[in-house]
Structures are given as structure tokens and as C-alpha cells.
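Notes follow once the structure below has been shown.
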Amino acid sequence: MEKIKKTYISEMRKGIRKLFFTFSLLAFGMLVSSLACYFSAYAQEFAVVAHPSAPDIPIEELKKIYLGDKKNLPDGTKVTPTLIKGTPEEFFQKVIGMGKKQFFQYWMIRIVGGGSIPPKDVESEEQAINLIRENKGAIGIVSVDRAKKEGLKILIVIK
Amino acid sequence: MTFLTKETFCMKDKITFKFSIAILRRVFLNALFSLIFFSISARAQEIEGYMFLYGEVGADYISDVEIPSLGKRGGNIAFSLGTFDIIAKIAYGKAEGFVEIPITPLNTLYVEAPIWSSIWFERFYFGYNFSELFSLKIGGTYGAMGYLTRNWHRAYYLMPIVRRPIITNAEDEGGVLPLYATGVEASGETSIGEFRPGYIFQVINGNYHFGSDDFLDYDKERTFLGKIYIRRYLEEIGISLGYDPFRIPTDEGESIYVQNLIAGLNLSYVKLDGLIGLAEVFIIRDLQSKTQGGGGFLILSYPIFYADEIEFRPFLQFGFMDWQEGNPFFEKLNEGAEEVRLNYVSVGPGTVKHFEYAGGIRIGISPNFAVKLGINYYDIRDEKDLYYISVRAGWGIPVFGR
């Protein structure tokens, strides 16, 4: 009886060890995949893009366009700046020269003053790409990979 | 059995005629609205615009307020219903339309006005942008003088301050500058690197206190306002000039002719994540009496720290107003709303010789919401001083944008 009890306890311990090992492996796997996702997202490069036939637009001009002080491209085409949901903070800091919060506050002041029309909000990368393809004056922010795949003109890459 | 007499027949004709008119009107309106609807649908891709709602609520402790109609005087704490504004703009190609409709509760202690009069067009104009250098607007907008009025006039929640300086008050609050501008405006800008030099020129209905309102120009005297400026985004250096002739009616049934020449200077430094410094000064000289008055203000504000992206931005404000004895414009306004054509005035100092000192903090919770706390102290010459302790919550939200 004692022997059976010992064998039972030993088997139960082995089972617990196996279960613990399996869960540990699962947790490790999840951790690794999460980190991979995090770093891949972190490392994703964004680009300010335009219609393939659009002229080059330097960063100073992009700032003016997004702040409503420039309404036409160098070739005279009416410009339509767009902002995708979740535009990275880096875009505002590097291109506009102010934080995301200040950018939206800036536009609230311009709107109250009766100023220009703010950049157009787009829901998804897909919508931004479609708009840019259809409109020579449209400018948007999409991932570099997607911009290359769609053959859009990359104006600036934001890392 | 009903006999059709001449009268009943005529009545029937009248009813039929009215009915026909009603049908015609309905058909015409339907056609018109259908036309507008189909035009908009057809051109929807080319139409841009936005609509925003913004407003403010709060409470004040007022040190000493006089309510003549009730014969009461004393300290008072009051919650204010604040303001609620609808702002919308539509642009189609080079044409644009803009409207701002505030819904503001009027102070019934001072005003005997129907409730609908608390809803009006604050600004309402149509414009056409011929080029960057020349745009034309027709309708009602704000006077070209200075910076704060034109840029931040009703958006209290965006300003770092709690109360506007008295010199920037609207005419119906005893303000001395031409703020409401109904007429024609030409404006333009050009680019020199990051800087944008520009101009605004307005020909508007005469003086709002004595000579005109949104609809009529009683004394047929036009007001001319202009400003030249150089701006860089929200920063601006500007020089304003204006000519505002009008007649002040006297008790004897005659009038005093006033020719106000207005000059203003504004230095406006606005870094939304740094220093905000606004300085404006105005001189108003009556060419008839050869006397002058004026005032100005200085506002300084800087964010001292951020907590979870909430910005804590203290501010300091200083302002003044003064005039020479014998200036009919300032003296008449100083007599109060009862004496002038205006039939309403806000609680608080109107046109008074004063110094104002204010301080407080703006807590920017998001670009759409802010809470402010401040104290405004008015050192009023020859009268009891006055102060307000105020707390305000302001907001602005987009309804649509395309």
C-alpha cells in the first residue's frame, strides 16, 4: 500500500513538472513573440508620401502645408494634406516641429480664427493610399513598405 | 344648402389664391433645396469644411457688484452658464462661407430681451480667394485691430487667461475698439521663408455704439480699419490703423461729431509648448476735440510642468485704460449703458479708467479641454476697486471635418 502511494506521489510530481515545463515554454514563447511584435512595430518606418507624379516637397514646405500656410504644391496643384489615425509622434516632432497635442491645439486656434481647413482625417492606410492615388495634390503618412509596394512618391522617411 | 354670395365667393378666391401661393412656394423651395442637395452631392468631393462646437462654463466670486435695478450691492458667488458656440466653414474651390452662432444666456437683471435674442450670428461671411495676395469677404467678421480679438476672441478655453483685457471688450460690454465689423474685407498674404507678411483692409458700418448695428448705418458714416503684419504661424507683429467717424446724440436733440483716429501695435509671441507673450497697445484720438485715450495689455504665460501629458500653465496679465478730460467718446461710454444706445452690458467694469492685474493657471487636459483658475483685480480710478476669483472649464470638439 505504501509502495503504491509513493509511486502515485512520484507520478503526480512528474505530471506537475511536465505541466510547469509546458506552461513555462508557452509563457516564454508568448514573451518572445510579444517582444518581436513590439520591436518590429517600434522599428517600423513611416513615410510622408504623395502621388507618383507630384513634385519634390522639402520638409520646410511640408510643415507649412500641414500648418495651413501653404495651399498649393510647387507646380500649382491644390494640396490636400491628410492625417491617418494614430500618426506617430515622430511625424509631429520631426516634420511639424511641435508635439501632437500642440498641433491639434494650433488647429483649434486657427479654426476659431476662421482660418484654413485643417488636414483631412483618414481612418486607415488603405484610405490614405486610395486618396493619394486619386488626387495629385494629396499627401499622407503610410508605412515605407506599403509606400514602396504601391509605387507612391516618398517625400520623407520617419524612423 | 349653401348659397355662394359675392363675399363668400371672394373669400373662396382668396383662400384658393393663398393655397396656390403656398403650393407654389413649397414647389419652389423643394426645387431649390433639391438643386442645392444635388449640387452638393455632385460636387461633394470638391467641398471642404468643418463644424466645431465649443464653449465654457464656470463660477466666479465677485468682490462687490452693484445691481441698480435691485438696489443690491455686495460680495457674490455665482455659477455662470457660460457660452456655447457653433462654428462652421465650407470651402468650394476658391469660394468659402463661414458662420459662428453663439448661444449665450443674457443677464436678465440688465436685459429686457426676448430669449431668441441670445442666439445670433457672431460672424457670418462669404468670401472669395482670388489669389494668395487678394481675398474678399462680405458679411460680418471681427475688426482688424490687434491680435487677440481676431484670433482668440470667443475661444476662452484656448486662451491662457480667464478674462479678456478690458480694452478688447466688445462694444456691447463697453469696449472702445471697433470689434464687430459688418461690411467688406480685403486681405492677403505672401511668403518670405517662414514669415508671412500680410494686410487686412475693412470698410464697415459706422461706430457700433452710436452710429450703426449689424443691419443699419444710422449716421451714414463708414468706418475704415486696416492692419499690416508679419506673422510666423501663430506669432505676429502688427500695426493697426483705423478711422471711425460718428455722431453722439445729445439730450438737446443735437449731436457731437467725433472723428476717431485709431492706432494700434501688437507683439504676439505664441509657442504652444513654451512662452506665450501678448502685448497690445491702442491710442484713439478724436480729431474734433483734439483729445485722446487708449489702453493696452500684456499677457505672459509659460508651462511650468507636465503630468501625464496634462499641461500646467500659469499666467500673468496686466492692462490699463485712460483718456484725457473732454474726450466725448470715452466720457459718453463711461456714463454707462443707460446713456448710450446700447441696451445691455455685462456684469463688471465697462469703460473705466483703470489698471487691471490678473494671475492664475490654465490646466490643459487635452487639446479639446482645459480648466482655468484665476483672479482678476481692477484698480478703478474714482470708484471702488473690484476683483473676481474665477474657475472655468472650457472645451472644443469637432462635429465633422472633411
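The values are calculated or read from the model by the stated rules, or taken from the named source; none is laboratory data. Not measured: the values here are computed from a predicted model. Cβ sites come from the backbone with ideal geometry, for glycine too, and all protein chains shown count toward neighbours.
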Selection status of B:Arg196, touching a Lys or Arg at 6+ places or on another chain (Cβ under 7 Å) and among the basic types (Lys, Arg): yes
Hits in the range A:57-114 (condition: of a type in the set (Asp, Glu) and either in contact with a helix residue (DSSP H, G or I) (Cβ under 7 Å, 6 or more places away or on another chain) or without any contact (Cβ under 8 Å) to a residue 60 or more places away in the chain (or both)): A:Glu60, A:Glu61, A:Asp69, A:Asp75, A:Glu89
Residues satisfying the stated conditions in the range B:143-171, i.e. within 20 Å of B:Ser212 (Cβ to Cβ), out of contact with any Leu (no Cβ under 6 Å at 6 or more places or on another chain) and outside any helix (DSSP H, G or I): B:His153, B:Asn169
All helices (runs of 4 or more DSSP H) inside the range A:78-159 with 3 or more residues being away from chain B (no Cβ under 11 Å) and crowded, with 19+ Cβ neighbours inside 10 Å: A:125-134
Condition check for B:Ile262: touching a strand residue (DSSP E or B) at 6+ places or on another chain (Cβ under 6 Å), within 14 Å of chain A (Cβ to nearest Cβ) and among the β-branched types (Val, Ile, Thr): no
Subset of the range B:290-317 that is outside any strand (DSSP E or B) and surrounded by 14 or more Cβ atoms within 10 Å (Cβ to Cβ) - its residue that is nearest to the other protein chains (Cβ to nearest Cβ): B:Pro303
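Condition check ((1) in contact with a Ser or Thr (Cβ under 9 Å, 6 or more places away or on another chain); (2) assigned to a strand (DSSP E or B); (3) buried (at least 17 other Cβ atoms within 10 Å of the Cβ); (4) at pLDDT below 90) across all residues:
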residue	(1), (2), (3), (4)
B:Leu70	no, no, no, yes
B:Asn76	yes, yes, no, yes
B:Pro105	yes, no, no, yes
B:Tyr110	yes, no, no, yes
B:Gly127	yes, yes, yes, no
Selection from the range B:92-103 of residues that are at pLDDT below 90 and surrounded by 18 or more Cβ atoms within 10 Å (Cβ to Cβ): B:Pro102
Within the range B:228-243, tally of residues that are farther than 21 Å from A:Asp69 by Cα and either touching a Pro at 6+ places or on another chain (Cβ under 6 Å) or of a type in the set (Ser, Thr, Tyr) (or both): 2
Considering residues of the range B:195-242 that are among the hydrophobic types (A, V, I, L, M, F, W, C) and out of contact with any Ser or Thr (no Cβ under 9 Å at 6 or more places or on another chain) only, the residue nearest to B:Lys137 (Cα to Cα): B:Phe224
Flag for B:Ile200 being within 14 Å of chain A (Cβ to nearest Cβ) and either more than 27 Å from B:Gly97 (Cβ to Cβ) or surrounded by 22 or more Cβ atoms within 10 Å (Cβ to Cβ) (or both): yes
Residue in the range B:206-221 that is touching a residue at least 40 places away in the same chain (Cβ under 8 Å) and either assigned to a strand (DSSP E or B) or within 14 Å of another protein chain (Cβ to nearest Cβ) (or both) present: no
Residue satisfying condition, being closer than 30 Å to B:Gln259 by Cα, modelled with pLDDT of 95 or more and of a type in the set (S, T, N, Q), within set B:Ser289, B:Ser301: B:Ser289
Residues (closer than 17 Å to B:Phe315 by Cβ and either basic (Lys, Arg) or within 13 Å of chain A (Cβ to nearest Cβ) (or both)) located in the range B:128-186: B:Tyr147, B:Leu148, B:Asn151, B:Trp152, B:Ala155, B:Tyr156, B:Tyr157, B:Leu158, B:Met159, B:Pro160, B:Arg163, B:Arg164
Selection from the range B:234-253 of residues that are closer than 24 Å to B:Gly277 by Cα and either without any contact (Cβ under 8 Å) to a residue 24 or more places away in the chain or not in a loop (DSSP other than H, G, I, E, B) (or both): B:Glu235, B:Glu236, B:Ile237, B:Gly238, B:Ile239, B:Ser240, B:Leu241
Filter pass, A:Glu61 being part of a helix (DSSP H, G or I) and modelled with pLDDT of 90 or more: yes
Single condition A:Gly86 does not satisfy, out of (1) modelled with pLDDT of 90 or more; (2) under 25 Å from B:Glu48 (Cα atoms): (1)
Residue in the range B:218-237 that is at pLDDT 95 or above and over 29 Å from B:Gly188 (Cα atoms) present: no
